[in-house]
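Where a number appears in this text, it was derived from the coordinates with a stated rule and is not lab data. Remember, it's a predicted structure, so these values are computed and weren't measured experimentally. Here the Cβ positions follow ideal geometry from the backbone for every residue, glycine too, while neighbour counts run over all protein chains shown.
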């Protein structure tokens with residue numbers, strides 16, 4: 001099988017400064033390992049290899065280094081290394097929320113800054129956050145919420161959502177959230193699976209300058225959730241939801257102290273949902289102990305967050321980045337919660353906010369960074385970002401030109417941490433760290449404690465060619481299971497059928513001999529023409545700098561007889577551009593030169609928009625299904641799309657295509 005290969009030594013854009021690395025959290029951990037455990041690792045590669053070869057020692061060291069507060073001690077670290085039988089820290093009891101309020105010296109530090117287009121800015125210190133959680137916890141107890149009950153939130157990314165989540169977790173109840181921009185049908189598809197006892201909601205919100213009324217959707221949601229004994233309205237803008245318990249009712253003063261239900265390591269903390277673009281959303285359960293340990297490790301050793309730092313990353317409550325954002329509190333770092341249109345009033349809004357709030361870590365989508373590059377934004381010159389140490393990009397493939405743009409802007413004083421992970425593990429699988437180089441167009445390598453590789457179709461490890469991203473050893477933040485999947489059959493079918501005993505993640509990736517990694521898209525959207533496989537992300541990278549194209553999406557319709565199939569490129573033309581034969585010929589030349597003659601599209605079709613999920617992912621698979629005869633309603637609920645009508649043009653094209661056969 002022919003494969004396109006990457007250079008064995010990628011272009012290095014950044015090397016850690018020896019003096020600066022001594023001040024990092026991971027370097028402090030290395031010193032601790034040397035003194036407390038007798039491990040003297042000379043390099044990052046040695047540390048990472050130990051973290052997967054000696055899983056038990058590594059995760060015990062994470063537990064001890066961070067001083068995890070256990071109500072009862074574990075009997076061991078790991079009972080079984082088989083993926084589906086692994087049990088972490090059996091016998092222990094703890095609570096995730098107990099670790100989110102810092103130390104006494106953090107009491108007056110900002111824990112959360114809420115920035116919104118609906119109301120004025122809200123700021124809570126660690127002490128104020130703890131006080132609000134104490135009161136809401138007592139309020140939930142008055143409503144009868146106890147360990148194992150589900151609490152659902154139709155709420156935006158705002159401080160009240162954080163308070164409600166931590167109060168829920170402190171009780172051992174199980175949290176699940178859905179962003180209010182989702183339609184009623186999409187929210188019902190998620191929440192009805194878990195049968196919540198309490199529903200938190202807003203009546204509406206402001207997006208940019210547009211006021212959004214959600215009262216009709218809330219009414220549908222309430223009617224569908226027969227188990228919701230109580231609906232709590234959180235005031236947010238001028239609208240209200242009738243016949244609800246007001247948020248202030250939960251905040252009523254009480255002498256009840258803030259305490260934490262001791263739950264087993266595997267007790268569900270929250271339920272996250274898959275995108276719902278390829279079927280009904282999967283209700284993925286994550287555990288208290290697994291999320292606690294994984295995020296302590298990730299946020300400290302990879303993101304270099306600690307006391308006094310501040311994380312800013314635009315997210316909604318429907319994306320796993322919301323949960324990951326919250327966990328910055330675990331390492332005594334503050335967070336900036338943004339609600340509204342992240343591009344309002346313009347592209348510079350997020351950079352301006354990072355400067356105003358003193359962010360030390362900023363996350364952004366690759367699409368946002370590439371838009372800033374195209375528009376000539378110069379963030380380091382235009383704003384005081386002197387506190388910024390890391391800039392992270394995740395959610396979709398990031399072209400090498402984007403990497404270079406970041407280093408043109410910031411030089412070597414900012415680490416560009418490009419990573420990839422997902423809802424299934426609620427963390428990053430491959431990313432950078434303060435001790436690793438950054439390569440153009442590449443993620444620096446696997447995360448600590450994550451035994452990740454690329455497999456070919458036979459299950460053999462491949463380097464230098466595309467393969468399935470797999471995890472070959474257990475990690476604590478893997479799902480407890482899917483809600484309602486009592487025998488685990490759906491979980492096994494989702495992750496373990498293709499390679500028995502190995503967790504197949506569903507991404508298409510390529511590792512280099514240097515250990516770096518490129519994620520090129522979902523493996524179910526991979527292009528395979530005559531034995532040459534190519535990830536869709538590499539295809540889009542070619543078009544990124546073509547001024548004729550504003551956006552694009554590509555799908556491959558395979559030939560069941562084994563032929564070349566049909567490759568269709570849908571393009572959103574740049575303003576003023578008409579996709580005529582001349583433009584099509586130029587695009588074909590660009591693709592042929594950069595990729596291969598076999599990847600020149602059979603058809604280039606202009607469309608008004610590319611469909612994206614609400615987490616910013618291009619939706620190739622739903623388009624492919626539409627071209628195979630499915631309806632738009634069958635492939636994706638409108639509520640999971642960033643623009644609900646974005647699939648209409650593809651459905652129209654499919655109908656015309658069928659009529660012309």
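Summary of computed values
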read-out: Estimated D of region 221-341 in µm² per second, where Rh is the Kirkwood radius over Cα pairs and Stokes-Einstein applies at 20 °C, 1.002 mPa s; value: 122 µm²/s
read-out: Gain in span if fully extended, residue 223 to residue 341, counting 0.36 nm per residue against the direct Cα distance; value: 39.6 nm
read-out: Relative packing of 180-186, 404-410, which averages over residues the other C-beta atoms within 10 Å, highest first; value: 180-186, 404-410
read-out: Cα centroid separation - region 217-277 against region 388-410, whole Å; value: 37 Å
read-out: Relative contact order (%) - the chain, alpha-carbon pairs under 8 angstrom, separation at least six; value: 14 percent
read-out: Gain on full stretching of the segment that runs from residue 82 to residue 545 - 0.36 nm per residue minus C-alpha separation; value: 162.1 nm
read-out: Two-site FRET efficiency, residue 352 against residue 28, from Cβ-Cβ distance with R₀ of 56 Å, rounded to 0.05; value: 0.95
read-out: Extension reserve of the residue 56-residue 69 stretch, reckoned as 0.36 nm per residue once the Cα distance is removed; value: 2.8 nm
read-out: DSSP bridge pairs, the chain: antiparallel proportion in percent, nearest 5; value: 60 percent
read-out: Inter-label distance, nm, simple model (7 Å from Cα along the C-beta direction), residue 463/residue 564; value: 3.5 nm
read-out: Sum of -39500 (n - 2.57) over DSSP H runs of 4+, divided by residues of the chain (222 nm, nearest 500); value: -8000 deg cm²/dmol
read-out: Sorted by Cβ neighbour density within 10 Å, fewest at the top, the residues 321, 642; value: 642, 321
read-out: Value in Å of the Kirkwood radius, where region 41-436 supplies the Cα pairs that are averaged; value: 21.8 Å
read-out: Scaled radius of gyration (Cα, divided by 2.2 N^0.38 Å) that region 286-422 gives; value: 1.01
read-out: Burial order of peptide ranges 92-102, 214-224, 489-499, 71-81 (average beta-carbon count within 10 Å, highest first); value: 92-102, 214-224, 489-499, 71-81
read-out: Whole-angstrom gap from region 129-167 to region 598-661, using each part's C-alpha centre; value: 39 Å
read-out: Ranked list, fewest to most other Cβ atoms within 10 Å of each Cβ, for 589, 87; value: 589, 87
read-out: Taking 229, 15 and counting other C-beta atoms within 10 Å, the order from fewest to most; value: 15, 229
read-out: Region 139-239 - Rg and Dmax from Cα coordinates, angstrom; value: 12.9, 41
read-out: Beta bridges by DSSP in region 79-231, antiparallel share as percent, to the nearest 5; value: 45 percent
read-out: Per-q log10 I(q)/I(0), region 369-441, q = 0.13, 0.22, 0.25 Å⁻¹ (Debye; single scatterer per alpha-carbon; no solvent); value: -0.40, -1.05, -1.26
read-out: DSSP beta bridge pairing in region 532-659, given as percent antiparallel to the nearest 5; value: 70 percent
read-out: Sequence-separation-based contact order of region 41-436, relative, with Cα cut under 8 Å and 6+ spacing, percent; value: 16 percent
